[in-house]
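Step one of this worksheet: look at the structure below.
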Amino acid sequence: MLSTYLEAAAAKAGVSIPEQTDRTPQPRVMHGLLLSWAGVRCAMDLSDGLSIDLVRLCAENSIGAVIDPLAVPVDPAVAMIERARGGDPLPLALHGGEDYQLLMAVSPESIDAVRDMAFVWDLPITVIGQFVVGAPVVSVQVGEWIEPLKAQGYDHFGYHEQARPAYSVS
């Protein structure tokens with residue numbers, strides 16, 4: 001369990017973790033529904049890891065995404081623990097889970113309205129990239145450098161290892 005790992009790492013680094021989101025999750029279902037009025041086109045819970053959940057969102061909508069890894073929020077406590085261990089906190093932010101945040105697709109024209117509505121709930125909104133026409137591939141880009149991001153995270157039922165089932169609506 002991620003929390004056990006973080007607790008042990010925190011104790012070793014001499015810091016405490018103030019919030020245990022995996023033990024007391026606060027899914028943002030109502031926020032997602034209300035944000036749709038402000039222009040959110042689709043959203044999903046971000047609890048299995050950003051990289052794997054973003055690939056899932058892209059696959060379901062037949063689009064790709066390009067993200068700026070430097071824009072990805074990193075929890076300050078996690079960053080402190082990981083740096084104390086001599087590690088890089090970005091892989092945890094990209095591939096770790098238990099975030100219970102919303103991953104949303106918002107048009108550039110709607111981002112200000114979404115931010116205004118989110119401000120009312122003190123809900124931080126961070127633009128980490130953009131969706132692109134094409135295959136459901138997630139890439140990372142820093143300046144001119146761009147490469148595909150391998151989806152990692154919690155994979156219920158081996159989603160990426162199986163052929164996707166065909167759905168039909170009658």
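Numbers for the structure displayed
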quantity: Modelled FRET efficiency - R0 35 Å, Arg85 with Ala38, Cβ distances, 0.05 increments; calculated: 0.30
quantity: Relative packing of peptides 54-67, 32-45, 119-132 - highest average C-beta neighbours within 10 Å first; calculated: 54-67, 32-45, 119-132
quantity: Table column - 3J(HN,Hα) (Hz), segment 71-87, Karplus curve with 6.51, -1.76, 1.60, x for Gly and Pro; calculated: 8, 5, x, 10, 4, x, 5, 5, 4, 5, 5, 5, 5, 5, 7, x, x
quantity: Segment Asp155-Glu60, length gained on full extension (0.36 nm per residue, minus Cα span); calculated: 32.6 nm
quantity: Sequence-distant residues sharing a close amide H with Gln101 (under 5 Å, placed H); calculated: Leu46
quantity: Extension gain (nm, one decimal) between Met30 and Ala71, 0.36 nm per residue minus Cα-Cα; calculated: 12.2 nm
quantity: Linear extension gain, Val133 paired with Asp112, 0.36 nm per residue minus alpha-carbon span; calculated: 5.3 nm
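A short reminder: the numbers here are calculations on the coordinates, not readings from a lab. On a predicted model such as this, the values are computed, not experimentally measured, just so you know. All Cβ positions, glycine included, derive from the backbone under ideal geometry; neighbour counts span all protein chains shown.
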